[in-house]
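The values are calculated or read from the model by the stated rules, or taken from the named source; none is laboratory data. Fair warning: this is a prediction, and the values are worked out from it, not measured in the lab. Please note: Cβ atoms are built from the backbone with ideal geometry, for glycine as well, and neighbour counts cover all protein chains shown. For accessibility, only protein heavy atoms count, side chains too; no ligands or nucleic acids. Shrake-Rupley method; radii C 1.70, N 1.55, O 1.52, S 1.80 Å.
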Amino acid sequence: MKNLRGLLITSIMSVLLLILVACGGNDTNEDSGGSGENADGIESLTIKLSHEVAENTSQQAGSLAFKEYIEKESDGKIKVQVYPNGQLFGDKDVYQNLVANNVQFTQQDMSKLVGDDPRFNLVSLPFLFEDNDTAAEFWDGEKGMEILAALEKDGVLGLAMWPNGPKHFTNDKKPLKSPEDFKGLKFRTQGGQVLEDVFKAVGASSVTIPFTDLYTALQQGTVDGQTNTFVNIDSKKFDEVQKYMTLIGDTRVDVGFFANKEFMDGLNEETREIVDGGIKAGTDAARVAANEMADDAYEAIKERGNIEIYELSEEDIQTFSELWAPIYEKYTPIIGEEYIKAAQETGK
């Protein structure tokens, strides 16, 4: 009897176990999530964001806001690794690594993308945008987004413009107060045909040098000067190896925020919503920081007192503007009249 009773109990327990497994099978699958997903549908993954500029820049501020938003909204299921200052990839190869999905996001100076699409020359046209807000308004609009979308052929999505700001000249030879003062000097540029013509018009030469190598190039005299934003001049301490700075704001550094298309398209709906929120948070933070940090950087440069500063008058700027007017005539058919016209009308 005892053996029979034991067999009955064992049989009943086996049946109950089978029932529990059958009823709970769906719950187990949902908990595992499948394909790295959690019960709420958010994927567990790691995102890499690489950029070339220093930590104390608006690009880094935007990158950290992007990271903070995504990690918070995903409860830590999505990790964002930010690599500033060319730590992971320099500006020569970060774009290729974005295409290869070795990094999922980057910010790229748009003037460096003219080889991919000549419309990116627009950012370097002299005195095109009044300020950062005007530039942002154009890039958020229809024509700006059309240009940002030009890289989809490479598998890259253009997400937004992050402003760095208007550029100013520095050099170690003499004060630059008029076009004649530029003659015979060699300047570094970040690339682009428009910038070459800008210097050619004032009798100077230009050469493309990666931003991460620029301090050394200035220090060693490879070039006499460069043109950059207050933030970039301050963060890289270019005033340590340059004697003179001319405030002009003729051209700009505006960076595109780009993502690998395959990565973005592969996200499920819940994850994509969080990443899209991070893109907006990063863009908003970068734009606010660009204005605030430019003022702070200029004050820091002045306080260090390493460099002589000359601010052009309105009359001086008009002289340069007239000298560079033919650049618009040359690049209108290259960039497209509709894009230049839309940029000129922004903010008016």
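Structural remarks
- Qualifying positions in segment 218-256 - closer than 21 Å to Asn85 by Cβ and either assigned to a helix (DSSP H, G or I) or aromatic (Phe, Trp, Tyr) (or both): Leu218, Gln219, Gln220, Phe230, Val231, Asn232, Ile233, Asp234, Ser235, Phe238, Asp239, Glu240
- Of all residues in segment 198-210, those that are touching a residue at least 24 places away in the same chain (Cβ under 8 Å) and more than 22 Å from Val53 (Cβ to Cβ) have Cβ atoms under 6 Å from Cβ atoms of residues that are open to solvent by 40 Å² or more (accessible area, probe 1.4 Å) and outside any strand (DSSP E or B), 6 or more apart or on another chain, in Ala201/Leu323; Gly203/Lys183.
- Matching residues, segment 180-230, being aliphatic (A, V, I, L, M), closer than 15 Å to Thr246 by Cβ and open to solvent by 10 Å² or more (accessible area, probe 1.4 Å): Leu185, Ala204
- Of all the residues in segment 99-125, those that are crowded, with 16+ Cβ neighbours inside 10 Å, farther than 15 Å from Trp162 by Cβ and not acidic (Asp, Glu) number 10.
- Selected residue (only one of Thr332, Thr346 is farther than 19 Å from Ile248 by Cβ, open to solvent by less than 60 Å² (accessible area, probe 1.4 Å) and at pLDDT 95 or above): Thr332
- In segment 268-292, the residues that are farther than 13 Å from Ala65 by Cβ form Cβ pairs under 7 Å with partners that are loosely packed, with under 14 Cβ neighbours inside 10 Å and charged (D, E, K, R), at six or more places apart or across chains, as follows: Glu270/Asp40.
- Given (1) assigned to a strand (DSSP E or B); (2) of a type in the set (Gly, Ala, Ser); (3) farther than 23 Å from Lys67 by Cβ, number of the condition Ala259 does not satisfy: (3)
- Single unsatisfied condition, Glu270 versus (1) in contact with a helix residue (DSSP H, G or I) (Cβ under 9 Å, 6 or more places away or on another chain); (2) over 22 Å from Val231 (Cβ atoms): (1)
- Segment 305-331 residues that are within 23 Å of Gln242 (Cβ to Cβ), paired with ones that are surrounded by 12 or more Cβ atoms within 10 Å (Cβ to Cβ) and of a type in the set (Lys, Arg) (beta carbon under 9 Å, 6 or more apart): Asn306/Lys237; Asn306/Lys243; Ile307/Lys243; Glu308/Lys243; Ile309/Lys302; Tyr310/Lys177; Leu312/Lys177; Asp316/Lys177
- The lone criterion from (1) closer than 29 Å to Leu64 by Cα; (2) modelled with pLDDT of 95 or more; (3) touching a strand residue (DSSP E or B) at 6+ places or on another chain (Cβ under 7 Å) left unmet by Gly191 is number (2).
- Count of residues meeting criterion [assigned to a helix (DSSP H, G or I) and closer than 25 Å to Ser44 by Cα] in segment 55-94: 15
- Selection from segment 126-135 of residues that are open to solvent by 10 Å² or more (accessible area, probe 1.4 Å) and assigned to a helix (DSSP H, G or I): Asn132, Asp133, Thr134
Conditions tested, residue by residue: (1) closer than 30 Å to Lys341 by Cβ; (2) among the hydrophobic types (A, V, I, L, M, F, W, C); (3) at pLDDT 95 or above.
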| site | (1), (2), (3) |
| --- | --- |
| Thr28 | no, no, no |
| Glu37 | no, no, no |
| Thr46 | no, no, yes |
| Leu64 | no, yes, yes |
| Gly90 | no, no, no |
| Val103 | no, yes, yes |
| Leu113 | yes, yes, no |
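- Among the residues making up segment 231-251, those that are open to solvent by less than 10 Å² (accessible area, probe 1.4 Å) and among the β-branched types (Val, Ile, Thr) are Val231, Ile233, Thr246, Thr251.
- When we screen Lys186, Lys173, Lys177, Lys200 for residues that are within 24 Å of Gly336 (Cα to Cα) and of a type in the set (Lys, Arg), the only hit is Lys200.
- Those residues of segment 138-179 which are over 30 Å from Gly266 (Cα atoms), open to solvent by 20 Å² or more (accessible area, probe 1.4 Å) and under 19 Å from the mean Cα position of the chain (by Cα), in sequence order: Pro166
Table: residues versus (1) basic (Lys, Arg); (2) under 20 Å from the mean Cα position of the chain (by Cα); (3) surrounded by fewer than 21 Cβ atoms within 10 Å (Cβ to Cβ).
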{"residue": "Val253", "(1), (2), (3)": "no, yes, no"}
{"residue": "Phe257", "(1), (2), (3)": "no, yes, no"}
{"residue": "Asn260", "(1), (2), (3)": "no, yes, no"}
{"residue": "Phe263", "(1), (2), (3)": "no, yes, yes"}
{"residue": "Leu267", "(1), (2), (3)": "no, no, yes"}
{"residue": "Gly282", "(1), (2), (3)": "no, yes, no"}
{"residue": "Tyr298", "(1), (2), (3)": "no, no, yes"}
{"residue": "Lys302", "(1), (2), (3)": "yes, no, yes"}
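- Look at segment 49-72: where a residue is without any contact (Cβ under 8 Å) to a residue 24 or more places away in the chain and a partner is of a type in the set (A, V, I, L, M, F, W, C), sitting 6+ places away or on another chain with Cβ atoms under 7 Å, you get Glu71/Ile78; Glu71/Val80.
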